[in-house]
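Below is one structure, written out as structure tokens; comments come after it.
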Amino acid sequence: MNAVLTPPRASVAPFVDLEFLQDPYPAYHALREAGPIHWSEEFFGGAWLLTRHADVEAALRDPRLSARRTGGWVMRAAEPDARAELTPMQRLFTRCLPFLDAPDHTRLRKVLQPAFRPDRIQALKPVTQALIDELLDEAGSHFDFMQAIARPLPARVIAKLMDVDASVYGDFTAWSEDIAAFLGSVSPTQAEVRAAQRSVVALAGYFERELLPRRRREPGEDLVSLLLSAQADGSVEDGAELLAQCAMLLFAGYETTRHLLGNAVHALLSEREQWERLQAEPDLIPNAVRELLRHDTPVQWSGRRATADFALCGQRVRRGELVLALLGSANRDPARHKNPERLDVTRDNPGALSFGTGPHVCLGASLTQLETQTVLATLLRRRPRLQLQGIAQRTRTPMYRGFFAFPVGG
């Protein structure tokens, strides 16, 4: 049995450094080499960092590690005189599916699962294809990929799935980006906290005042109608729980997909031989998307709270402490993937932990992959000579890895 050690309480990773934000993978390599678990003071008063694939996978399935981690997280980020103001945001976050454990998580996931069945997702393929063709027609020969394609496409797809009005696309993408800046930071500024609070309330308010009343009067086949049906039969609680699922679905359907689209296209245009391999063998595109997820995942970690004192990788984790499963590090663990730093669209079994695993594996994973496959197939067919042009601008949130902008042409 491994001895349980008491760790030094010191920061071990530069998660807010510009160098890390540009390329976190050398830091992850150093952490993996140094050991499977480390303590960092950078995350809301401290967190354990798990670096290796096997340990990350096990942690995401460990019932001693709870997804209910918002209790002190929102309020700790706020100044004391602002905590009352943040109560609405806290109330919604605590009822979101990703931050719940069984039995609530099981109950809500059962409600939402039918909307993400393979046949329902495949039915969205013609819609997705029509949207990407329209966006490419509008983009011209030289355009910013993020602004022209990666931001509007997932916004419109998830809006279609939820029957959100086209008139609020701009509002909800701005709201989502404010929320992501808060969720993706290791130590949010007060400006980020307040912006997230305003946007969470605005997003929930749109559903409460506009979309939910309309769908109560005129039920449809959309996700909001599905949730209202479940609320009527008692499977979903009215109020904060119903609003939280609506807001979570809209946010999650947009945020992760836009970053995956950007990371994938930028990586392929940077590794020209991989782009050309897909042109020659388009049947490789589904495998390529899985490899692109592994190579540069849009969500770099997933957090859990310990529900008891226990030993984890030879260290004593105390009840209430935060554990971060570093997905980006796990996906490049050489114990799991041969030559993990190399992007290889022909890689055998490129399956990664980008969507998590266990009870909380991402509900929308198949939709995100469908959108990415459709975009790549369309670009390869319609813009085979596409190239990077100019300077790419990365986002500044370490958890959500992606681009703010990068110009392309050809």
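Throughout, read-outs are computed from the coordinates displayed, never taken from laboratory work. As the structure is a computational prediction, the values presented were derived from the model and not from experiment. So basically every Cβ, Gly included, is an ideal-geometry build from the backbone, and we count neighbours across all protein chains shown.
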Task: Cα gyration tensor of the stretch 91-157 - equivalent ellipsoid semi-axes, whole Å, descending - done: 34, 17, 6
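Under the 0.36 nm per residue contour assumption, what length would be gained going from the current alpha-carbon distance of ALA102 and ARG216 to full extension? Spell out each step's value before the answer.
Numbers: separation 114, 0.36 × 114 = 41.04 nm, distance 2.84 nm.
Here the answer is 38.2 nm.
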Open item on the list: Below 20 Å, Cα to Cα, which lysines can LYS160 reach? Residues fewer than 8 away in the same chain don't count.
Closed with: LYS125
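What shape does the stretch 74-189 have by the C-alpha gyration tensor, where a ≥ b ≥ c are the square roots of the eigenvalues, rounded means a/c under 1.5, and otherwise prolate means a/b greater than b/c and oblate the rest? The partial results should precede the final answer.
Numbers: a/c = 2.84, a/b = 1.39, b/c = 2.04.
Oblate, since a/c reaches 1.5 and b/c is not below a/b.
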Task: Efficiency of FRET from Cβ geometry, HIS142 and ARG396, R₀ 30 Å, rounded to 0.05 - done: 0.70
- [ ] Determine the dipole magnitude for the chain: charges of +1 sit on the beta-carbon of Lys and Arg, -1 on that of Asp and Glu, nothing else is charged, the reference point is the Cα centre, and the result goes in debye to the nearest 20.
- [x] 720
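Within 10 Å of each residue's Cβ, count the other Cβ atoms and sort SER40, SER199 from fewest upward.
On the way: SER40 20, SER199 24.
Exposure proxy ranking, most exposed first: SER40, SER199.
Of ILE391, ILE37, ILE158, how do they rank once you tally other Cβ atoms within 10 Å and put the fewest first? Spell out each step's value before the answer.
Working: ILE391 8, ILE37 21, ILE158 26.
Final ranking by Cβ density, sparse to dense: ILE391, ILE37, ILE158.
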Task: Cα-projected label distance for GLU341 with ALA84, points at 7 Å along beta-carbon direction, nm - done: 5.5
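I'd like the chymotrypsin sites (Phe, Trp or Tyr not before Pro) in the stretch 93-199 restricted to DSSP loop residues with at most 11 other Cβ atoms within 10 Å, sorted by number.
Values: sites: PHE93, PHE99, PHE116, PHE143, PHE145, TYR169, PHE172, TRP175, PHE182; in loops: none.
Here no loop site has a sparse enough neighbourhood.
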TODO: Quick one: grab the alpha carbon gyration tensor of the stretch 132-261, order the square roots of its eigenvalues as a ≥ b ≥ c, and give me rounded if a/c is under 1.5, else prolate or oblate depending on whether a/b is larger than b/c.
DONE: oblate
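Assign unit charges at the C-beta atoms only (+1 for Lys and Arg, -1 for Asp and Glu), then state the dipole size of the stretch 135-228 relative to its Cα centre in Debye, rounded to the nearest 20. Don't skip to the answer; put the middle values down first.
Working: 10 positive and 14 negative charges, 67 e Å.
Dipole of the stretch 135-228, to the nearest 20 debye: 320 debye.
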Open item on the list: Given bins 10 angstrom wide, list per bin the percent of all Cα-Cα distances in the chain, short to long.
Closed with: 4, 22, 33, 27, 12, 2, 0
Task: Hz values of 3J(HN,Hα) by residue in the stretch 293-302 - Karplus curve (6.51, -1.76, 1.60), Gly and Pro given as x - done: 4, 5, 5, 8, 5, x, 10, 8, 7, 10
Task: Fraction of antiparallel bridges per DSSP, the chain only, in percent to nearest 5 - done: 80
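Got a sec? How would LYS125, LYS338, LYS160 order by Cβ neighbour count within 10 Å, fewest to most? Don't skip to the end; give the middle numbers.
Numbers: LYS125 13, LYS338 10, LYS160 16.
Ascending number of Cβ neighbours within 10 Å: LYS338, LYS125, LYS160.
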Open item on the list: At 7 Å along Cα-to-Cβ for each site, give me the label-to-label distance between GLN122 and SER229 in nm.
Closed with: 2.1
Task: In the stretch 342-410, trypsin sites (Lys or Arg not before Pro) in a DSSP loop with at most 10 other beta-carbon atoms within 10 Å - done: ARG385
Open item on the list: Could you give each residue of the stretch 126-136 its phi-based ³J(HN,Hα) in whole Hz, using Karplus coefficients 6.51, -1.76, 1.60 with θ = phi - 60°, and x for Gly or Pro?
Closed with: x, 5, 4, 4, 4, 5, 5, 5, 5, 5, 5
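Based on the Cα coordinates of the stretch 233-381, what is the per residue volume of their convex hull in Å³?
Values: hull volume 21.6 nm³, N = 149.
Given the Cα convex hull of the stretch 233-381, per-residue volume reads 145 Å³.
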